[in-house]
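Some notes on the structure that comes next.
The values are calculated or read from the model by the stated rules, or taken from the named source; none is laboratory data. Because the structure is a prediction, the values reported are computed rather than measured. Quick reminder, even Gly has a Cβ in these numbers, built from the backbone with ideal geometry, and neighbours come from all protein chains shown.
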Amino acid sequence: MDTTQSPADKALSSAKVVVATTVALSFISYWRGAAIVLSDLASSMFYAGGIAELAVGKPAAWYVLGVMLFSFAVRAVYMESCGMFVRGGVYVVVLDSMGPLMAKVSVSALVFDYILTGPISCVSAGQYLAFLANELLDKRPEAAADLRRRFPLVFIDEAQDNSEEQSGLLHRIFCAGDAPSRRQRFGDSNQAIYARPGAEGAATDPFPGAAVQAMPRSYRFAQPLADEVKGLGVAPQDLVGAGPPSEHGVGHQAPTLFRLRDDACVRGLRPRS
């Protein structure tokens, strides 16, 4: 009995398997993908080490080393799962190898890491930008004069939360030297994030300054609520509630608009502080 199959029969009976991986779906080269991954790892390593040192001091290096050794041990299990194309991400990988409890802990730690990575990266980026701005002013002092001509009137909101780096940079750009910009700062000292033990706020051009214009009137709430909360601040204030009462059906008043016709109107608003 002849069991030889024709090429057409072999094509029909053979199963075709297509494995779609992340690399196969990528539109960038291997080295560019590796650069992105290594940049993510390197940035995490740098600020994780700095935060650990601020928290525990010099022994922070041993804590970081312990985390790295543990991660290296888990790496073998994760690479095995990736080689077998186990679907489900971190949760399924840890669930199959270490059980449901560790799977929940791993996913919780991953979510916590994602939540913290965003703010920490934003703060790090802000510090880098402040460093670059100061370096630019060192090399080109005329840049401050150009910015003052471009922004003759500057409003700074939430000034109570400025750090020393932020306050020093703003003062250097808009206030120090000749022909400063007209600056108006707004803030509430009772909401200052640095107003606690161990926290240092701005030493250069601190807020509030010598000349203070109190703004006790609020249009967000009525006087009964103002009477309840005005004594709860670190520095109690005499609040004036000019907003609508808490009853339903009361509409808000139309906002007040200021029209500035030319630069003379801008210069006449307030004297330089």
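With respect to (1) within 21 Å of ALA159 (Cβ to Cβ); (2) modelled with pLDDT of 80 or more, the lone exception for SER273 is condition (2).
Looking for something among the hydroxyl-bearing types (Ser, Thr, Tyr) and either at positive phi or in contact with a Ser or Thr (Cβ under 6 Å, 6 or more places away or on another chain) (or both) - is there at least one such residue anywhere in the stretch 146-169? Yes, the stretch 146-169 contains at least one residue that is among the hydroxyl-bearing types (Ser, Thr, Tyr) and either at positive phi or in contact with a Ser or Thr (Cβ under 6 Å, 6 or more places away or on another chain) (or both).
The residues of the stretch 156-185 that are hydrophobic (A, V, I, L, M, F, W, C) and under 22 Å from the mean Cα position of the chain (by Cα), listed by number, are ILE156, ALA159, LEU169, LEU170.
In summary, ASN162 fulfils each of the numbered conditions (1) at pLDDT 80 or above; (2) more than 30 Å from GLN191 (Cβ to Cβ) with the single exception of condition (2). Residue check: is ILE115 in contact with a helix residue (DSSP H, G or I) (Cβ under 8 Å, 6 or more places away or on another chain), within 21 Å of ALA48 (Cβ to Cβ), hydrophobic (A, V, I, L, M, F, W, C) and part of a helix (DSSP H, G or I)? Considered against the rule, which asks whether it is in contact with a helix residue (DSSP H, G or I) (Cβ under 8 Å, 6 or more places away or on another chain), within 21 Å of ALA48 (Cβ to Cβ), hydrophobic (A, V, I, L, M, F, W, C) and part of a helix (DSSP H, G or I), ILE115 comes out as no.
With GLN127, GLN184 as the choices, which residue is touching a residue at least 12 places away in the same chain (Cβ under 8 Å), out of contact with any Ser or Thr (no Cβ under 9 Å at 6 or more places or on another chain) and not in a loop (DSSP other than H, G, I, E, B)? Break it down into steps so the answer makes sense when it comes.
Numbers: GLN184 fails: out of contact with any Ser or Thr (no Cβ under 9 Å at 6 or more places or on another chain).
Of the residues listed, the single one that is touching a residue at least 12 places away in the same chain (Cβ under 8 Å), out of contact with any Ser or Thr (no Cβ under 9 Å at 6 or more places or on another chain) and not in a loop (DSSP other than H, G, I, E, B) is GLN127.
From ALA179, ALA103, grab the single residue that is in a loop (DSSP other than H, G, I, E, B) and in contact (Cβ under 8 Å) with a residue 12 or more places away in the chain.
Values: ALA103 fails: in a loop (DSSP other than H, G, I, E, B).
Matching residue, one of ALA179, ALA103: ALA179.
Residues that are out of contact with any helix residue (DSSP H, G or I) (no Cβ under 6 Å at 6 or more places or on another chain) and among the β-branched types (Val, Ile, Thr) were ranked within the stretch 121-159; the one that is farthest from MET215 (Cα to Cα) is VAL123.
So, of the residues in the stretch 190-225 that are in contact with a Phe, Trp or Tyr (Cβ under 9 Å, 6 or more places away or on another chain) and buried (at least 16 other Cβ atoms within 10 Å of the Cβ), which turns out to be modelled with the lowest pLDDT?
GLY201
Let's see how each residue does on (1) within 29 Å of TYR128 (Cα to Cα); (2) at pLDDT 75 or above; (3) loosely packed, with under 11 Cβ neighbours inside 10 Å:
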residue: THR4; (1), (2), (3): no, no, yes
residue: ALA11; (1), (2), (3): no, no, yes
residue: VAL17; (1), (2), (3): no, no, yes
residue: VAL74; (1), (2), (3): no, no, no
residue: MET98; (1), (2), (3): no, yes, no
residue: ASP113; (1), (2), (3): yes, yes, no
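Any residue that is surrounded by 15 or more Cβ atoms within 10 Å (Cβ to Cβ) and within 18 Å of the chain's Cα centre (by Cα) - is there at least one of those in the stretch 135-148? The answer is no; no qualifying residue exists.
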